[in-house]
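The block underneath contains the structure these notes are about, expressed in structure tokens.
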Amino acid sequence: MATARPQLSIDRLMAELMALAQISEAEPPVVTRVVFGEADMRARAYVKGLCEAAGLSVRHDAIGNTFARWQGTDDSLAPVGTGSHIDAIPNAGLYDGCVGVLGGLEAIRVLQQMGLKPRRSIELVIFTAEEPTRFGIGCLGSRMMVGVLNPQQALALRDKKGRSLEEWRAQAGFTGPLESVAVKPGRFHQFVELHIEQGPYLEQESLDVGLVTHIAAPASQRIVIEGEGGHAGGKLMPGRKDALAAAAELILALEAAAKSTGAIDTVGTVGICEVFPGAVNSIPSRVTMTTDVRDIDRARRDGVLAALATAAREVEARRGVSITIEFINADPPTTCDSAILEVLEAAAKAAGKSYKKMVARAYHDSSFVSCFAPTAMLFIPCRGGVSHHPDEYASSEWIGSGVHVLARTLAQLSEQ
Ligand code: HGY
Ligand code: MN
Ligand code: MN
């Protein structure tokens, strides 16, 4: 592998990415593909067809995690894994996740075309529901593989209309006990995920790829603020218990706490804020909002959450409202595997690609795979760092570099 130069079919890969992007709940080029919805199911079928055309054997688990396997010569050895997700939040772009799935497939096809006979099988994985859109929690499929989301917790999941995970799963044709999703350590020998950076740094520094050393740790909470409603005109200001005004103070407290850690890696926002009754001339009596706080340092992140809890108690007492804070998730940060990073670095050098080591600020399925297998991530630039938006864009050169380095890395890992 060290000498031969992989011949990517980049035109084929770009055409597949564009074809996948057409499978959307929204008008292309906007991509919306929420787990278990009609578009997600068509997208899964499309990618499965490509994998089968490449001679991979495809199976899925009870939650729809899909495994496309290129059989190695020594079946007694744990496979090498690669992959990502194809679900997409509303109003998204076409590269988030999909570059890792279709780019991973192209890396396998390149190695096949070069005549490699991998010692360890190589498995391409499509994880179910990396995005939190439907059930409010991200990385549903990879979380269940680890067991940090157990079957009982999964059975309690519902979408905004109250439709259960079980109903959605059954409709999607994924059956079997949820207990069967959890995997044992060693399920993969090693795992590498190719993904767009979802940040501006590789492009700004004109670098080909990023070798991810750490993945930031997300925590998400649901906050409900109960005040008192009333007529926006008739009820005078003294004594009002305006739930949205209280929420505004908490949102600013969260932002101040994230900014005050002194570390650029601490981030926080409130992405969802639902106001009840939501009438222009009615004082908000209830607000339900969802926080998203991240850092690569768990203690710093948890310090922000503690500051928010303190602010909530103070606002509650001063405004006479009641505030409940419930965790949705609070995941550990990920340290990527140094041995895999060495292989990635050697592969980048052999491929003549410029690179840097860096932090992943979005979370990824790799955050959870790292709980049961040595894991690392490989980033490619995305224009302006834009992601989770139709303007998301990665050039064929950037994608080609990522696939080239991934192919070399998978070849190396599959021989270990
Ligand atoms: O939110 C995230 O970090 C990921 O893109 N789902
Ligand atoms: Mn995403
Ligand atoms: Mn993603």
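Beyond 15 Å, what percent of the Cα pairs of the range 108-162 remain?
On the way: 895 of 1485 pairs.
When all Cα pairs of the range 108-162 are counted, 60 percent exceed 15 Å.
Using only the alpha-carbon atoms of the range 18-61 as identical scatterers, what base-10 log of I(q)/I(0) does the Debye formula give at q = 0.21, 0.27 Å⁻¹?
So the normalised log intensities work out to -0.69, -0.92.
For the modelled label position 7 Å from the Cα of residue 11 along Cα-to-Cβ, which residues of the range 47-77 have backbone nitrogen atoms closer than 13 Å?
The answer is none.
Taking a spot 7 Å from the Cα of residue 240 along the direction of its beta carbon, which residues of the range 275-304 have an amide N less than 17 Å from it?
275-287
Can you list residues from other chains, or at least 5 along the same chain, whose modelled amide H is less than 5 Å from the amide H of residue 241?
Under 5 Å from the amide H of residue 241 lie the amide H atoms of 228, each far enough along the sequence or on another chain.
Stokes-Einstein diffusion coefficient for the chain at 10 °C in a medium of 1.306 mPa s, Rh from the Kirkwood formula over Cα pairs: what value in µm²/s?
Values: Rh = 22.4 Å.
Rounded to a whole number, D works out at 71 µm²/s.
What would the Debye equation give as log₁₀ I(q)/I(0) for the range 63-182 at q = 0.13, 0.16, 0.20 Å⁻¹, counting only Cα atoms as equal point scatterers?
Cα-only, vacuum Debye calculation for the range 63-182: -0.60, -0.84, -1.12.
Roughly how tilted is helix 38-53, in degrees to the nearest 10 and between 0 and 90, from the longest Cα axis of the chain?
10
Could you state how much accessible area residue 213 has, in square angstrom rounded to the nearest 10, with a 1.4 Å probe and all protein chains kept in place?
30
At a probe radius of 1.4 Å, what is the per-residue accessible area of residue 18, in Å² to the nearest 10?
Estimated to the nearest 10 Å², residue 18 gives 70 Å².
With each label point set 7 Å from Cα along the Cα-Cβ vector, what nm distance links residue 327 and residue 45?
The modelled label-to-label distance comes out at 4.1 nm.
Given the rule -39500 (n - 2.57) for each run of at least 4 DSSP H residues, summed and divided by the residues of the chain, what is its mean residue ellipticity at 222 nm, to the nearest 500 deg cm²/dmol? Please list the in-between numbers first.
Numbers: 12 runs with 144 residues, N = 416.
It comes out at -10500 deg cm²/dmol, rounded to the nearest 500.
Only bridges with both residues in the chain count here: give the DSSP antiparallel percent, nearest 5.
On the way: 45 of 65 bridges.
Percent antiparallel among DSSP bridges in the chain is about 70.
What figure in square angstrom, to the nearest 10, would you give for the accessible area of residue 241 with a 1.4 Å probe?
Counting only protein heavy atoms, residue 241 exposes about 60 Å² to solvent.
Give me the distance in nm between label points sitting 7 Å out from Cα along the Cα-to-Cβ direction at residue 318 and residue 204, one decimal.
Output for this residue pair reads 3.5 nm.
When you count, for each residue, the other Cβ atoms within 10 Å and take the mean per peptide, how do 349-355, 359-365 rank with the highest first? Mind showing how you got there, number by number?
Values: 349-355: 16.3, 359-365: 23.3.
Per-residue Cβ counts within 10 Å, averaged per peptide and sorted highest first, yield 359-365, 349-355.
Between the range 356-380 and the range 132-156, what is the C-alpha centre distance in whole Å?
Answer, in whole Å: 18.
Need one word for the range 217-330: rounded, prolate or oblate. Basis is the Cα gyration tensor (sqrt eigenvalues a ≥ b ≥ c); a/c below 1.5 gives rounded, then a/b vs b/c decides. Write out the running numbers ahead of the final one.
On the way: a/c = 2.66, a/b = 2.21, b/c = 1.20.
Prolate shape, in that a/c is at least 1.5 and a/b is the bigger ratio.
The values are calculated or read from the model by the stated rules, or taken from the named source; none is laboratory data. Just so we're clear, the structure is a prediction, and the values are computed from it rather than from any experiment. Counting neighbours? That spans all protein chains shown, and the Cβs are built from the backbone with ideal geometry, glycine included. Each accessible area value is taken on the protein alone, full model and side chains, heavy atoms only, with ligands, DNA and RNA left out. Shrake-Rupley method; radii C 1.70, N 1.55, O 1.52, S 1.80 Å.
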